[in-house]
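What follows is a short report on a single structure.
The values are calculated or read from the model by the stated rules, or taken from the named source; none is laboratory data. It should be emphasised that the depicted structure is a prediction, and the values quoted were computed from it without experimental measurement. Backbone-built Cβ (ideal geometry, glycine too); neighbour counts: all protein chains shown.
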Amino acid sequence: MEKIRAFIAIELSEDIKRSLTRLQNKLKSGCGAPVRWTSPDSTHLTLQFLGDIDPALTERITVVMSEAAVNIHPFHLAIQGLGVFPNPQRVKVIWVGLAGDLEILGKLQKRVESGLTSLGFKPEDRAFTPHLTLGRVRDNARPDERQSLGNLIAKTAAVNAASLEVKNFHLIKSQLRPEGPLYTTLSSVELK
């Protein structure tokens with residue numbers, strides 16, 4: 001059976017998507033580095049990337065998600081902070097940070113990750129750092145372009161007016177295409 005590429009994520013509010021678009025436009029106007037900007041309409045808050053999975057596993061993954069959601073009530077998140085990976089001198093990824101009920105978000109993510117180990121998924125090597133990716137610097141960027149972008153980001157503030165009430169999360173199929181990824185929700189779990 002053909003495998004599918006999948007991940008577990010929280011969908012963003014329209015309010016946050018608009019804020020991400022404004023922030024990207026601000027950075028684009030002052031940025032000379034070659035950056036592949038993510039589409040705010042297809043940006044998610046990823047809780048767990050699963051990679052290529054057997055479609056027969058989707059039901060069991062949804063059960064793990066439901067178990068992870070037990071006694072976790074809807075919670076709030078908001079945009080806060082702008083940063084880069086790995087550092088401002090060698091920018092590779094531009095991201096927006098989150099504020100709000102991060103402890104609850106972390107608890108949900110940890111439960112999902114822990115539950116998936118029973119299905120053979122390995123936990124991440126790195127600690128969960130909740131963020132939304134704005135863009136990735138292309139490999140052909142020169143060191144001075146990366147540093148200049150890092151300086152611009154250090155001087156740019158991320159507006160934190162945009163918020164989101166997290167009421168559910170999803171198992172999402174990702175199909176990579178030249179014109180951008182196509183996402184299909186396979187299942188959803190409500191927080192009650």
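Kindly indicate whether any position in the range 45-52 is among the polar types (S, T, N, Q), in a strand (DSSP E or B) and without any contact (Cβ under 8 Å) to a residue 60 or more places away in the chain. Checked against the condition, which is being among the polar types (S, T, N, Q), in a strand (DSSP E or B) and without any contact (Cβ under 8 Å) to a residue 60 or more places away in the chain, the range 45-52 yields at least one hit. Going by the conditions given, is Thr184 without any contact (Cβ under 8 Å) to a residue 40 or more places away in the chain and either assigned to a helix (DSSP H, G or I) or of a type in the set (Val, Ile, Thr) (or both)? Yes, satisfied. Kindly check whether there is at least one residue in the range 154-170 that is more than 21 Å from Thr38 (Cα to Cα), free of Cβ contacts under 8 Å to residues at least 40 places away in the same chain and acidic (Asp, Glu). There is no residue in the range 154-170 that is more than 21 Å from Thr38 (Cα to Cα), free of Cβ contacts under 8 Å to residues at least 40 places away in the same chain and acidic (Asp, Glu). For beta carbons closer than 7 Å, sequence separation of 6+ or different chains, a first residue in the range 80-108 that is under 19 Å from Gln48 (Cβ atoms) and a second that is of a type in the set (D, E, K, R), the qualifying pairs are Phe85/Lys92; Val93/Arg136. Comparison of Ala158, Ala127 shows that the only residue that is at pLDDT below 95, surrounded by 13 or more Cβ atoms within 10 Å (Cβ to Cβ), under 19 Å from the mean Cα position of the chain (by Cα) and not in a helix (DSSP H, G or I) is Ala158. From Leu171, Leu152, grab the single residue that is part of a strand (DSSP E or B) and surrounded by 11 or more Cβ atoms within 10 Å (Cβ to Cβ). One residue alone meets the criteria, Leu171.
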